[in-house]
Structures are given as structure tokens and as C-alpha cells.
Amino acid sequence: MSLDLVRMRFAAVAAKIETTPGLDAIGGTPVNADWLAADCEIDFDPITVENNELTGSLDRSPAIVGGLRPRIRLRVPLRGSGTPATPPEWGRLLRCCTMAEGITNAAIGAPTAAASGTNTSLALATPFAATAQLYRGMPLLLSGDRSLVTGIIDYTAARVASLGETMVTPGAVATLVQIPANVLYSPTSDEAVYRTATLYFYADGLRWRFTGAVGSWSLELSTGGIGFLVFDLRAQLLDKSAAALPTGWNNVIRPTPPRFVNGRCQLNQQLARARRLTLDAGVNIILPDNPEAAEGYDPAVPTERDARGAIDPLMSTTTAVALFNAFRLGTAMPLMAILGANPGNRCCIIAPAAKATAMRPGQRDGLGQFDIGFQLDGADSPLFLAQF
């Protein structure tokens with residue numbers, strides 16, 4: 001058996017937010033907090049220049065490789081950190097995909113009685129703030145006259161929280177409300193808020209280093225399974241060298257990813273019996289030209305976000321007409337998914353305004369289903385992801 005072959009099972013990935021875009025933030029050796037539990041694929045995506053010089057034969061001269069434009073694809077299980085207000089390890093990657101990180105360190109409400117309510121909203125009282133959209137995208141725990149974990153799709157200055165679902169009975173003063181400690185990731189267009197990252201990829205004695213990583217992200221949820229976050233990042237190649245995988249890299253203890261069972265899956269504030277839900281932040285990235293840079297371009301820059309998704313709910317005589325009418329009329333529908341049972345390892349996904357752009361009736365296991373494609377609406381508010 002040859003010992004100079006590279007065994008790809010002996011591989012690991014580390015990532016760290018950069019203080020200065022394009023400047024190595026890890027500095028040579030990752031620490032425990034830098035490692036990611038992820039699958040990694042790398043494509044150097046080189047610029048190739050066709051060489052048409054004559055050879056005096058039928059054979060062409062080979063193309064010439066120019067600047068490298070690395071693309072790094074990371075697939076990460078959707079798991080929490082294990083502590084509600086401690087960011088998950090994938091949070092640093094979201095921050096490189098035009099997402100802002102907000103931490104609510106302590107629960108809001110003790111729980112606190114609602115002032116009033118309907119089947120789809122609750123009027124909250126002190127200590128909840130009278131600031132519009134302050135809690136949008138966050139999870140909400142209801143107790144007292146009911147036991148329910150739901151999410152906030154809209155929040156007004158009058159302290160009215162719209163929920164991602166339709167409750168069986170209207171909320172009332174007997175309904176107790178609490179926002180748990182959480183870490184919320186929300187879209188931003190402020191370049192002073194989103195970040196770039198340094199990435200190290202080790203493979204059995206080899207190491208690739210990348211800086212200035214920026215990109216887009218998507219989410220895959222399958223009923224009965226677990227969720228996965230997929231990050232498609234653009235970066236600059238710093239170097240490739242021989243380097244041993246640092247000792248202690250696999251000492252990080254991680255929670256088991258939560259299953260998508262006994263949770264919530266709501267479209268248009270109604271149950272969606274879906275087998276699969278996918279969401280894509282749709283961040284478009286460009287590499288600014290710079291002849292003085294090492295590979296001919298500067299760190300990647302996001303220029304546009306076009307969030308989309310798809311869901312395949314079984315048809316229901318209760319909801320099918322409303323779903324079709326929303327599709328036909330272009331009416332935005334809220335979308336909410338919640339998975340996990342243990343604090344610090346629960347996730348809430350909210351799209352406040354999903355507009356169906358495609359709807360195809362079909363069947364799954366002999367039952368009718370809709371294949372629904374949608375585009376997410378809202379400036380700096382198409383899609384939220386919270387760990388709580």
C-alpha cells in the first residue's frame with residue numbers, strides 16, 4: 001500500500017470571518033472554533049485563453065490557463081450550537097452571504113400575557129418593544145391556554161405580531177407569550193454588515209488556503225430527515241502547500257442535527273404536507289477585475305439577491321383553492337418551517353412573502369400534490385433563519 005496517496009477521508013475544513021477583506025484571518029493554524037462539519041468541493045474555474053497560433057498540422061495548440069477563480073461548495077448539516085444565544089458554526093458562512101447576525105441573549109417575556117389575539121396574530125404588551133419589525137423572523141413560544149412553537153412573520157409598532165400559521169382558537173389574555181433567546185440571520189444590503197471569510201481545506205498532508213470568500217446559500221429540508229445548508233462561495237487562492245492536519249481538529253463536540261418531524265411546515269398560514277422544501281438566497285457574485293491582483297481580480301462582491309424556493313405539498317380540499325387563487329392573482333403567502341425540540345438545537349425558517357410563480361398538479365404515492373415554485377418578496381426581508 002502506497003503511503004504517498006492522498007486519502008480524502010483525512011480531510012477537514014476551517015472558516016473564520018475576516019477583519020479586512022482578503023486578509024488571512026486564521027493566520028496559519030485553525031483553532032477549535034474555526035472548524036466546520038461540512039462536505040467540501042473545490043473548483044478552480046480558471047480563465048482559459050484559446051491559442052490559435054499555427055502549428056503546421058491539424059493539431060491545435062493547447063489553451064493557456066490564466067487567472068484562477070476558485071469556487072468552494074460547502075454542504076453543512078442544519079444543526080444548532082447547543083446553546084440558544086450562541087451562534088452555530090454555519091452562522092459565519094451566512095454572514096459571508098449578505099446576511100446579518102443578531103443575537104437575543106435572554107428571553108423576552110416571562111412569559112407574558114397577550115393583550116388580545118386572533119387566529120393568526122397576537123397583540124403583545126410590555127416588555128415587548130413598540131418598534132416595527134423588531135422581532136420579525138424570530139420564534140415565538142406560546143403557553144397558558146395552549147402549547148405551541150410558532151414564528152413571527154410581521155411585527156408592527158402597535159406590538160401586533162402576525163404568526164406563520166392559523167391557530168385553532170384565537171389568542172386571548174390567557175395566552176402567554178415569550179420570544180426565546182435566539183440567533184437570527186436576516187438579509188442585509190449594508191456592505192458594512194456582511195463579511196468575507198478565510199477558508200482552509202486540509203486533505204491528508206496538503207492544505208489549500210482561500211481568502212475573501214463571499215457567496216450565496218441555499219437550504220434543503222426533507223420530511224423525516226434533516227436539513228442541509230449549501231454554501232456556494234467565491235474566493236481568492238492564497239496558496240497550496242504541504243501541511244499536516246493540526247492535532248485536536250476533531251475534538252469539537254456537536255449536537256445531533258434535528259429531524260424535520262413533530263415541527264411546523266406552513267404555507268399561506270395553513271399546514272403544508274410537504275416531502276421537500278428548498279430555499280435559495282440567490283445572491284449573485286461578481287469578481288471585480290484588477291490586473292494588479294494576484295489572479296487578476298479583487299475579492300468577490302455581491303451585486304444582486306433573488307431569493308426563490310420550491311415546495312411540494314399534498315393537495316387538500318381545505319387549502320387547494322386558496323393556494324391556486326394566490327398563484328393566479330400573484331398574492332404573497334407567508335412560509336414557515338420549524339424543526340428541533342431541544343433549546344439551542346432548534347431552527348425557525350420564515351419567508352414573510354412567497355409569491356408562487358409556478359404550480360403544477362401531480363401525484364405522490366397515489367395522492368394529489370402541488371409542485372409549487374415561488375419567488376420571495378421584500379427588500380432586505382425575503383428570508384430569515386433563526387436558531388433558538
- Message: How big is the chain along each principal axis, measuring the range of its Cα positions in Å and listing the largest first?
- Response: 83, 47, 45
- Query: Antiparallel DSSP bridges in the chain: what percent, to the nearest 5?
  - Reply: 100 percent
- Sorted largest first, extent of region 154-235 alpha carbons per principal axis (Å): 62, 37, 20
- Excluding ligands, DNA and RNA, what is the solvent-accessible area per residue of region 68-170 at a probe of 1.4 Å, expressed in Å²? 37 Å²
- Message: For Leu238, what residues show an amide H to amide H distance below 5 Å, using hydrogens built from the backbone and excluding near sequence neighbours?
- Response: Arg209, Phe210, Thr211
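Just flag the trypsin sites (Lys or Arg not before Pro) in region 234-301 sitting in loop per DSSP whose Cβ has no more than 16 other Cβ atoms within 10 Å. Show your work: numbers first, answer last.
Numbers: sites: Arg234, Lys240, Arg259, Arg264, Arg273, Arg275, Arg276; in loops: Arg273.
In loop regions of region 234-301 (DSSP not H, G, I, E or B), the sparsely surrounded trypsin sites (Lys or Arg not before Pro) are Arg273.
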- Item | Alpha-carbon centroid distance for the pair region 347-381 / region 25-78, whole angstrom | 34 Å
- For the chain, find the longest principal axis of its Cα atoms and tell me its angle to the long axis of helix 320-329, 0 to 90°, nearest 10. 60 degrees
- Task: Hey, can you grab everything whose amide H is under 5 Å from the amide H of Leu245? Only 5+ residues off in sequence or another chain; H modelled, so Pro and N-termini drop out.
- Result: Gly205
- Message: I'd like the Karplus ³J(HN,Hα) series for region 6-18: coefficients 6.51, -1.76, 1.60, θ = phi - 60°, whole numbers in Hz, and an x wherever there's a Gly or Pro.
- Response: 8, 8, 6, 6, 8, 9, 7, 10, 10, 8, 8, 5, 8
- A student asked for the Cα radius of gyration and Dmax of region 286-347 in angstrom ought to give 21.4, 63
- Helical mean residue ellipticity (222 nm; -39500 (n - 2.57) per DSSP H run of 4+; nearest 500) of the chain: -1000 deg cm²/dmol
- Query: Can you list the HN-Hα couplings for region 339-354, worked out from phi with the Karplus curve (6.51, -1.76, 1.60; θ = phi - 60°), rounded to whole Hz and with x for Gly and Pro?
  - Reply: 9, x, 10, 9, x, x, 9, 10, 10, 10, 10, 9, 10, x, 9, 9
- Query: Hey, if you drop one equal point scatterer on each alpha-carbon of region 1-131 and run the Debye formula without solvent, what base-10 log of I(q)/I(0) do you get at q = 0.09, 0.18, 0.19, 0.21 Å⁻¹?
  - Reply: -0.57, -1.16, -1.21, -1.34
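What accessible area per residue, rounded to a whole number of Å², is obtained for region 252-343 using a probe radius of 1.4 Å? Let's see the in-between values first.
Numbers: 5010 Å² over 92 residues.
For region 252-343, the per-residue accessible area is 54 Å².
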- Query: If we sort 112-119, 167-174 on the protection proxy, mean other Cβ atoms within 10 Å, highest first, what's the order?
  - Reply: 112-119, 167-174
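Compute and list, largest first, the equivalent-ellipsoid semi-axes of region 300-388 from the alpha carbon gyration tensor, each √(5λ) rounded to a whole angstrom.
Details: eigenvalues 127, 77, 28 Å².
For region 300-388, the semi-axes come out at 25, 20, 12 Å.
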- Message: Per residue of region 183-191, what does 6.51 cos²θ - 1.76 cosθ + 1.60 with θ = phi - 60° give for ³J(HN,Hα)? Whole Hz please, x for Gly and Pro, Karplus curve as stated.
- Response: 10, 10, 10, 10, x, 9, 10, 7, 5
- Which percent of the accessible heavy-atom area of the chain goes to carbon and sulfur, probe 1.4 angstrom? 53 percent
- Message: Between region 284-308 and region 146-212, how far is it from one alpha carbon centroid to the other, in angstrom?
- Response: 27 Å
- Item | Cα convex hull volume per residue for region 1-68 (Å³) | 202 Å³
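If you average 1/r over every pair of different alpha-carbon atoms in region 221-346 and take one over that average, what Kirkwood value in Å do you get? Display every interim value, and only then the final one.
Numbers: mean 1/r = 0.0528 Å⁻¹.
So the Kirkwood estimate lands at 18.9 Å.
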- Message: What would the Debye equation give as log₁₀ I(q)/I(0) for region 137-200 at q = 0.18, 0.20, 0.30 Å⁻¹, counting only Cα atoms as equal point scatterers?
- Response: -0.76, -0.87, -1.43
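Could you give the C-alpha radius of gyration of region 175-281 expressed as a fraction of 2.2 N^0.38 Å, taking N as the number of residues it contains?
Values: Rg = 19.1 Å, N = 107, 2.2 N^0.38 = 13.0 Å.
Its radius of gyration relative to the 2.2 N^0.38 Å reference: 1.47.
The values are calculated or read from the model by the stated rules, or taken from the named source; none is laboratory data. What you are looking at is a predicted structure, and each value in this text was computed from that prediction instead of being measured. Methodologically, a virtual Cβ is constructed for each residue, glycine included, from the backbone with ideal geometry; neighbour enumeration extends over all protein chains shown. Surface areas here come from the heavy atoms of the whole protein model, side chains and all, with no ligands, DNA or RNA. Shrake-Rupley method; radii C 1.70, N 1.55, O 1.52, S 1.80 Å.
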